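Chemist: Handing you this structure, nothing more for now.
The values are calculated or read from the model by the stated rules, or taken from the named source; none is laboratory data. Predicted model, so just to flag it, every value in this text is computed and none were measured. Here the Cβ is made from the backbone with ideal geometry for all residues, glycine too, and neighbour counts use every protein chain on show. In case anyone asks, the SASA skips ligands and DNA or RNA and just uses the protein heavy atoms, side chains included. Shrake-Rupley method; radii C 1.70, N 1.55, O 1.52, S 1.80 Å.
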Amino acid sequence: MNRRDFLAMTSLALASGSPLAAAAQPGTLSAAVIPGNHPLQQAWTAWKTLCVTPEGRIIDGPQDAVSHSEGQGYGAALATLFGDVETFERIYAWTEANLAVRSDALLAWRWRSTEMPHVNDRNNASDGDLFYAWALVSMGRLMGRNDLIVRATDIARDLARTCIVTHPDGSGALLFLPAEVGFDFDGGYVLNPSYIMPRAMREVAHVTGISDLDAAGQTGVMMIEALAQSGLVPDWVAITANGLSTPPPRFSFDAGYEAIRVPLFAVWSGNPQSQAVARYLAAVQANSDVAGSITVFDRASGRPKEVSNDPGYQAVSGLVYCAATTGFGAPIPQFSTNQPYYPATLQLMSLVAQAEMYPKCVPL
């Protein structure tokens, strides 16, 4: 996948009114939006080689080759966006056989090949469940498969039952917890802003009829914008009747590996003018002399704390900068498998968001 290929595809999209962008406007539903002849299919093939086993397990190599519901959800959603039914089916089959082990419809959050049983903690991760349900409703509509819609509806219903709570301030606003267990304390909750993917929450709610998901997504966006008024959006935050505050010590209040998804998901959901995006871009630009991509910022000062040369992190900042400004072309590097699962996935998501919604942001 080279610059000439991307320029050719972008010129085609601009000339034809951008059919890819039209497929992803807010309020519409996802389908396979990356055609089989699109050069981005090469990146999808490379990502599969890096991350997906023949059985359909998404491997997080640096973390002892574990698999998470997050990775399975990401992989299933990407397979749908690329129209790759065969890969979707493998991911779906492995996930159902190995992570769908709870008494409800949600997924256990982690599977370890080195332990028996492979799942030793049946708590869920709500972002993994959300992306998995998003993939199921999207593929269900694409293939006319009602069984996938039914499964997604069961997941959405149990997400609403176990992971959506009312704000402790008594307003009735709905909050999206990171999991069923472990994120409440006396008088409040610990939340992860990067678990809010507005577009996925909106689309899953639309198809399944579980409207609380969309309502919690809207509250999440308001929370993110409120956090961005005073600094970068952090990895974790506490919320009480008195508002937002620093989370308990074991949770990072830096803007780090979790929080980098916040501007990406805002842009992918059609909101490049988010204050969270502006804060992130300001911090990146203020540290433009730093070699590599900043992966952890001090939340309040915007000073860098960790840096990486993995191209996936540069892809996020490149896409976000172009989407939020009037310029053309984005400094998104060529997709590389010489990086771990997480930045590789962020890079592929950035490339998909660009192809779907921002044809002016052709990688340069």
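Chemist: Out of the residues in the range 168-194 that are open to solvent by less than 30 Å² (accessible area, probe 1.4 Å) and not hydrophobic (A, V, I, L, M, F, W, C), state the one that is nearest to the chain's Cα centre (by Cα).
Modeler: Across the range 168-194, the extreme among qualifying residues is Ser194.
Chemist: Every residue in the range 264-292 that is under 11 Å from Ser317 (Cβ atoms), touching a Pro at 6+ places or on another chain (Cβ under 8 Å) and of a type in the set (S, T, N, Q), please.
Modeler: Asn287
Chemist: Let me ask another. Restricting attention to the range 247-272, which residues are surrounded by fewer than 24 Cβ atoms within 10 Å (Cβ to Cβ) and either more than 18 Å from the chain's Cα centre (by Cα) or part of a strand (DSSP E or B) (or both)?
Modeler: Pro247, Pro248, Pro249, Arg250, Phe251, Ser252, Phe253, Asp254 - these are the residues of the range 247-272 that are surrounded by fewer than 24 Cβ atoms within 10 Å (Cβ to Cβ) and either more than 18 Å from the chain's Cα centre (by Cα) or part of a strand (DSSP E or B) (or both).
Chemist: When you scan the range 110-130, how many residues do you find that are touching a residue at least 24 places away in the same chain (Cβ under 8 Å) and within 15 Å of Trp94 (Cβ to Cβ)?
Modeler: 5
Chemist: Now for a separate question. Which number in (1) more than 23 Å from Ala226 (Cβ to Cβ); (2) at pLDDT 95 or above; (3) in a helix (DSSP H, G or I); (4) of a type in the set (A, V, I, L, M, F, W, C) marks the one condition that Val119 misses?
Modeler: Failing condition for Val119: (3).
Chemist: I want to confirm something. Restricting to the range 224-246 and keeping residues that are within 18 Å of the chain's Cα centre (by Cα) and open to solvent by 20 Å² or more (accessible area, probe 1.4 Å), which single residue is farthest from Val165 (Cα to Cα)?
Modeler: Glu225
Chemist: Only one residue in Ala135, Ala156 is farther than 30 Å from Arg250 by Cβ and open to solvent by less than 60 Å² (accessible area, probe 1.4 Å). Which one? Walk me through how you get there before you give the answer.
Modeler: Values: Ala156 fails: farther than 30 Å from Arg250 by Cβ.
The conditions single out Ala135.
Chemist: Still on this structure, I have one more. For the range 294-320, what are the residues that are open to solvent by 20 Å² or more (accessible area, probe 1.4 Å), touching a helix residue (DSSP H, G or I) at 6+ places or on another chain (Cβ under 6 Å) and either under 24 Å from Ser230 (Cα atoms) or at pLDDT below 95 (or both)?
Modeler: Matches in the range 294-320: Ser317 only.
Chemist: Taking into account only those residues within the range 92-121 that are out of contact with any helix residue (DSSP H, G or I) (no Cβ under 9 Å at 6 or more places or on another chain) and β-branched (Val, Ile, Thr), which is farthest from Ala152 (Cα to Cα)?
Modeler: Among those residues, the one meeting the criterion is Thr114.
Chemist: Considering only residues that are β-branched (Val, Ile, Thr) and not in a helix (DSSP H, G or I), which ones fall in the range 308-364?
Modeler: Scanning the range 308-364 gives Thr325, Thr326, Ile332, Thr337, Val362.
Chemist: Please find, within the range 47-87, the residue that is farthest from Arg110 (Cα to Cα) out of those that are touching a residue at least 40 places away in the same chain (Cβ under 8 Å), outside any loop (DSSP other than H, G, I, E, B) and open to solvent by 30 Å² or more (accessible area, probe 1.4 Å).
Modeler: Among residues in the range 47-87 that are touching a residue at least 40 places away in the same chain (Cβ under 8 Å), outside any loop (DSSP other than H, G, I, E, B) and open to solvent by 30 Å² or more (accessible area, probe 1.4 Å), the one farthest from Arg110 (Cα to Cα) is Val85.
Chemist: Separate question: When Pro340 is evaluated against the numbered criteria (1) open to solvent by less than 20 Å² (accessible area, probe 1.4 Å); (2) in contact (Cβ under 8 Å) with a residue 40 or more places away in the chain; (3) more than 17 Å from Gln273 (Cα to Cα), which criterion, by number, is the only one it fails?
Modeler: (1)
Chemist: While we're looking at this one, here's another question. When the range 323-337 is examined, which residues are found to be under 19 Å from the mean Cα position of the chain (by Cα) and under 14 Å from Ala278 (Cα atoms)?
Modeler: The answer is Ala323, Ala324.
Chemist: Among the residues of the range 279-296, are any free of Cβ contacts under 8 Å to residues at least 40 places away in the same chain, of a type in the set (Ser, Thr, Tyr), touching a strand residue (DSSP E or B) at 6+ places or on another chain (Cβ under 9 Å) and outside any helix (DSSP H, G or I)?
Modeler: Yes; the residues of the range 279-296 include at least one that is free of Cβ contacts under 8 Å to residues at least 40 places away in the same chain, of a type in the set (Ser, Thr, Tyr), touching a strand residue (DSSP E or B) at 6+ places or on another chain (Cβ under 9 Å) and outside any helix (DSSP H, G or I).
Chemist: When residues of the range 88-121 are filtered for being buried (at least 18 other Cβ atoms within 10 Å of the Cβ) and either among the basic types (Lys, Arg) or within 22 Å of Ser211 (Cα to Cα) (or both), how many remain?
Modeler: 5
Chemist: Any idea which residue in the range 202-223 is surrounded by the fewest Cβ atoms within 10 Å (Cβ to Cβ), counting only those that are of a type in the set (A, V, I, L, M) and in contact with a strand residue (DSSP E or B) (Cβ under 8 Å, 6 or more places away or on another chain)?
Modeler: The selected residue is Ala215.
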